[in-house]
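Quick one: the structure is below, questions incoming.
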Amino acid sequence: MTLEFSHSDDFTMGVELELMILSTHDWNLIRGAGDLLALIEKEKHAGDIKPEITESMIEISTGVHTDYREMLVELTAIRDTVVGNARRLNLAIAGGGAHPFQHWSEQRIFPKERFFHLHEMYGYLAKQFTVFGQHIHVGASSGDDAIYLLHMMSRYIPHFIALSASSPFFQGMDTAFDSSRLNNINAFPLSGTMPFVADWSEFNGYFDTMRDLKVVESMKDFYWDIRPKPEFGTIEIRVCDTPLTIEKAAALAAYAQALARHLMLDRPRKPTLDVYRVYSFNRFTACRYGLEAGFIDAGSRTRRTLKEDILETLPLLVPHAQALGSVDALEVIRRSVDSGVNDASWLRAERASGQTLNDVVRRQSHLWFAGEAAVAEASAK
Amino acid sequence: MDDIGFLPSFPLVAGNTMLVGAILLCGLAAGQVFVRVFRLPRITGFVAAGLLLGPGVLGILDQSILGDLSIFVDISLGLILFELGRRLDFRWLTHDRWLLASSVAESLLSFLFVYGTLRLFDIAPIYAGTAAAIAMATSPAVVIMIVHDQRAKGPLTERLLALTALNNVFAFLLIALLFGFVHLEYRANWPRTLLHPLYLIVGSAGLGFVAFIVARTLGRWLGKREDLQFGMLLGVIVGTVGCAISFKLSVLLALLAFGVFVKNLDRMHDVTAVEFGPSGQFFMVMLFVITGAGLRPAELAAAGAVGAAFVLTRMAGKLAGIGLFAPLSGITRRKAMLLGTGMVPMSAIAVVMVQGASALYPEFGAGLSSIVLSAVVILELVGPLATQWALRRAGEAEPLPRGNA
């Protein structure tokens, strides 16, 4: 049995965001998913809103978009639905890749067959999986295009890690990482990267072998940083922490979209295994140091900072962003890189200003509600 | 003989310190027995230990000792009411207007049901009214303690705490107003009738506000250090309790108001979230044992039918009010019923308020006590169980560790 890759229109995109459900009393995670979802189900709303593995998490996802602004409009509507209903229950919602001080052992598995199965299989790793990520889908017209795009996109994975990083604190401590969340994912046996297959039929051969050996049952069992999603006809980038605002989330999706258009139309390079030889190193430094990380460009065999690499990439994307109508999104990315401020540094600055971690979460939650305007206002002060 | 003057003389005089130690140990032991043997909440064990040691049964803790130990009760109540006040978020009331509606409904219905029932038993309106007002309040001590004990977290727990804070405020306001009628009943002059309720309400809320300003100022000065703020808050809480007593104000309203102001007016969040945790444990054990010692099992038999009717109609009022309105807040009818059940524990604090009236008019106090106290006995024992059951069924309590209750 082969996996059919559904056709998607080129450069379509969609995002999924995992969000924290918080108590407004102490700003710890709270088991509110059941009540919140029950309330949300009663009304007609944009997007899709679902439970996640533990009861303090909720996942929102958009439909398929080509236009970045339309996506932002939908994300705004979903956010308002979730926040509005959460308020009726005196719960708060926030972005961010990890809750700064929750204890993993206090989390409870959301009562659903698949989640119980995962808990049974992975033990404490399942509860430690109470971390919050953004998944970006980019459409590809065929399986072969998807495999090409995926290999080419791997070079840029550190960009996404550093730009989205928002999990510096974990279990009450500063981890020294900008994104501590990805360290949790490394522990899973099928994490990492897709093997270096040449096209969709070779991928199918690999998948069949893994399934015959009973290592996996479906594509869902691969926790790769980027994986093909044949049912949707997309590739799915899974390394991003959930940003602190939807504006940032939409901008990251638009960045991926413009990058995909550049890679598909300009065909700057051929996929090479060299990218994967330096992959783990680049990924680690991006998690650890964020935008200031060292980056090894496998193509030119040179070292630079990640910041420099993003600033060199942006001009290549401008014509594509113009064609797609997402120039504003690239501006959001450029501002972040120019100022050297990502969400992780925002969180650290809040903590350093004498706030407790509870206060940091409260402000994080306020930011999720108030959006990017509040960030600009805060940094202006 | 003077040579052995350094030895204690017999029989030994049990000092209060020794008693406090004994109370703590007895309470803890009874708590564990109740958990392990009967699978009941620890609190019920504390209360039972008090009942056993108190004047009602063994008489080890007599009335004068209980008077000496009342400082522990005051401090414990201060901690509890402050914490409860911090759970009342005005923003929540504006985001979910049905929350306030369901609180008013359950308070009003439990008042009306109890009042009607007591009138059927031919109890005079002023007594029936005050007793029904007492019936409105859910016990903050039991609810907070069970929530801590069960490590309960979740939307139902939040709602339970907010509704408890609200119905205590309503009960207090109503009782304060009824004091006016009590004065009238005893032919006091008009100024007294009007000024006493006013003094209680405005004075207590004002004291809470002063406490808030002091805590915020000190909090800002100390910085966000949880260890430092812990001591500061404890100091302000105990000081406020003392002031409330000295000024003949309400400990309940003053401390509740203090908590509410900190939650809603501390815009810069200068006062940090402090958990009283394990050190609070000491006060809780003392509180419940002493409460138990204050109960009179004899009352139970004496009141009989009135007491039982009081308890049942009160519960019906709470369940009806919550059952009718809480689903409009978006919670399921099942959860609404659990929420109503969680609110069953009755506040012994209200009884303390009534003692204020007894001091002025002993006859009135005695009359009221005979009606209310039997219900207090029943609900002190059954209430914790009801709340614990509700939180567990709602799935918001910590799951039980294997092989332990």
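Taken together, the values in this text are just the output of simple stated rules run on the coordinates, not laboratory data. What you see is a predicted model; the values in this text were computed from it and never measured. Here Cβ is always computed from backbone atoms with ideal geometry, including for glycine, and neighbour counts include all displayed protein chains.
Could you list which residues have their amide H under 5 Å from that of A:Cys240, counting only those 5 or more apart in sequence or on another chain, with H placed in the peptide plane?
Those qualifying (amide H under 5 Å, at least 5 residues apart or on another chain) are A:Gln134.
Quick one: among A:Leu324, A:Leu265, A:Leu190, which has the greatest mean-square fluctuation in a GNM of chain A with alpha-carbon springs under 10 angstrom?
Judging by the Gaussian network model, the answer is A:Leu265.
Sticking with this one: At a 10 Å Cβ-Cβ cut-off, how would you order B:Phe283, B:Phe113, fewest neighbours first? Could the numbers behind the result be given before it?
Numbers: B:Phe283 19, B:Phe113 23.
If I rank by nearby Cβ atoms, fewest first, I get B:Phe283, B:Phe113.
Please list 3J(HN,Hα) in residue order for the range B:258-274, calculated via the Karplus relation 6.51 cos²θ - 1.76 cosθ + 1.60 where θ = phi - 60°; whole Hz, with x for glycine and proline.
Using θ = phi - 60°, the values come out as 4, x, 4, 5, 4, 5, 9, 10, 7, 4, 8, 6, 6, 8, 7, 6, 10 Hz.
Given H placed 1.01 Å from N in the peptide plane, which residues other than close sequence neighbours of A:Ala293 have an amide H under 5 Å from its amide H?
Answer set, sorted by chain and number: A:Leu306, A:Lys307.
Can you pick out the pairs among A:Lys112/A:Lys220; B:Lys224/B:Lys263; B:Lys263/B:Lys318; A:Lys127/A:Lys220; A:Lys44/A:Lys112; B:Lys153/B:Lys263 whose Cα atoms lie more than 21 Å from each other?
From A:Lys112/A:Lys220; B:Lys224/B:Lys263; B:Lys263/B:Lys318; A:Lys127/A:Lys220; A:Lys44/A:Lys112; B:Lys153/B:Lys263, over 21 Å: B:Lys263/B:Lys318; A:Lys44/A:Lys112.
Give a residue-ordered list of calculated ³J(HN,Hα) values for the range B:24-31 (Karplus: 6.51 cos²θ - 1.76 cosθ + 1.60, θ = phi - 60°; whole Hz; x for Gly, Pro).
Values, residue by residue: 4, 5, 4, x, 4, 4, 4, x Hz.
While we're looking at this one, here's another question. What's the average, rounded to a whole number, of partner chain beta-carbon atoms within 10 Å of each residue's beta-carbon in A:84-95?
4
Continuing with this model, one more query. Lys/Arg Cβ at +1, Asp/Glu Cβ at -1, dipole of chain A taken about the Cα centre: which of A:Ile157, A:Phe284, A:Val83 is farthest positive-ward?
A:Phe284
Still on this structure, I have one more. Relative contact order of the range B:153-289, please, whole-number percent, based on alpha carbon pairs below 8 angstrom and at least 6 residues apart.
26
Could you work out which residue, out of A:Tyr276, A:Tyr68, A:Tyr206, moves most in a Gaussian network model of chain A, that is, has the largest mean-square fluctuation with Cα springs under 10 Å?
A:Tyr206
Show that you can apply the helix-only estimate: for chain B, add -39,500 (n - 2.57) for every DSSP H stretch of four or more residues, divide by all residues, and state [θ] at 222 nm to the nearest 500. If you can, show how the numbers build up before the last one.
Details: 18 runs with 304 residues, N = 405.
The helix contribution divided over chain B gives -25000 deg cm²/dmol.
So what is the 222 nm mean residue ellipticity for chain A from helices alone, if each DSSP H run of at least 4 adds -39500 (n - 2.57) and you divide by all residues, rounding to the nearest 500 deg cm²/dmol?
So the calculated ellipticity at 222 nm is -15000 deg cm²/dmol.
Determine the gain in length on full extension of the stretch A:His117-A:Met210; use 0.36 nm per residue of separation and subtract their C-alpha separation, reporting nm with one decimal.
Gain in length upon complete extension: 31.5 nm.
Using a Förster distance of 45 Å, how high is the FRET efficiency between B:Leu177 and A:Lys42, based on the Cβ-Cβ distance and rounded to 0.05? Walk me through the numbers before you get to the answer.
Numbers: r = 39 Å, r/R0 = 0.88.
Efficiency for this residue pair is about 0.70.
To the nearest 0.05, how large is the calculated FRET efficiency for B:Ala305 and B:Leu265 if R₀ is 35 Å and r is the Cβ-Cβ distance?
0.15
Taking just the alpha-carbon atoms of chain A, what radius of gyration and Dmax come out, in angstrom?
Expressed in Å, the Cα Rg and Dmax of chain A come to 19.7, 60.
Testing the spin-label approximation: label points 7 Å from Cα along Cα→Cβ at B:Arg392 and A:Ser141. State their distance in nm.
6.3
Would you mind calculating the relative contact order of the range A:117-259 from Cα pairs under 8 angstrom and at least 6 residues apart, reporting the percent as a whole number?
This gives 39 percent for the range A:117-259.
Right, something else. Can you list the residues, at least 5 places off or on another chain, whose amide H is less than 5 Å from the amide H of A:Thr54, using H built in the peptide plane?
Here the answer is A:Phe110, since their amide H atoms fall under 5 Å of that of A:Thr54.
Among B:Lys335, B:Lys248, B:Lys224, rank each residue by its count of other Cβ atoms within 10 Å, from fewest to most, as a rough exposure measure.
With the fewest neighbours first, B:Lys335, B:Lys248, B:Lys224 line up as B:Lys248, B:Lys224, B:Lys335.
Please compute the average number of Cβ atoms from other chains found within 10 Å of each residue's Cβ in peptide A:26-33.
Per residue, the number of nearby Cβ atoms from other chains is 4 on average.
Pull up the cross-link candidates among the aspartates and glutamates for A:Lys307, meaning alpha carbon to alpha carbon under 17 Å and not fewer than 8 places away within one chain.
A:Asp178, A:Glu292, A:Asp297, A:Glu331, A:Asp338, A:Asp343
For each of B:Ser139, B:Ser70, A:Ser300, count neighbouring Cβ atoms within 10 Å of the residue's Cβ, then give the residues from fewest to most.
Numbers: B:Ser139 28, B:Ser70 14, A:Ser300 8.
Taking fewest neighbouring Cβ atoms as first place, the list is A:Ser300, B:Ser70, B:Ser139.
On to the next question. Using a Förster distance of 60 Å, how high is the FRET efficiency between A:Ser353 and B:Leu7, based on the Cβ-Cβ distance and rounded to 0.05?
Approximately 0.45, to the nearest 0.05.
Shifting gears a bit: Determine ³J(HN,Hα), in whole Hz, for all residues of the range A:310-316 in sequence, where each value follows from phi through the Karplus function 6.51 cos²θ - 1.76 cosθ + 1.60 and θ = phi - 60°; x replaces Gly and Pro.
Whole-Hz 3J(HN,Hα) from phi for the range A:310-316: 5, 5, 6, 6, 3, x, 5.
Further question: Provide the three semi-axes, in whole Å and in decreasing order, of the ellipsoid equivalent to the protein assembly as shown as defined by the square roots of 5 times the Cα gyration tensor eigenvalues. Show your work: numbers first, answer last.
Details: eigenvalues 724, 134, 126 Å².
They are 60, 26, 25 Å, listed from largest to smallest.
Further question on the same structure: Could you work out the mean count of beta carbons from other protein chains within 10 Å of each residue's beta carbon in B:323-334?
Average neighbour count from other chains, rounded to a whole number: 2.
Working from the pairwise distances between different alpha carbons, so that the mean of 1/r is found and then inverted, what is the range B:200-316's Kirkwood radius in Å?
Averaging 1/r across every pair of different Cα atoms and inverting gives 16.6 Å.
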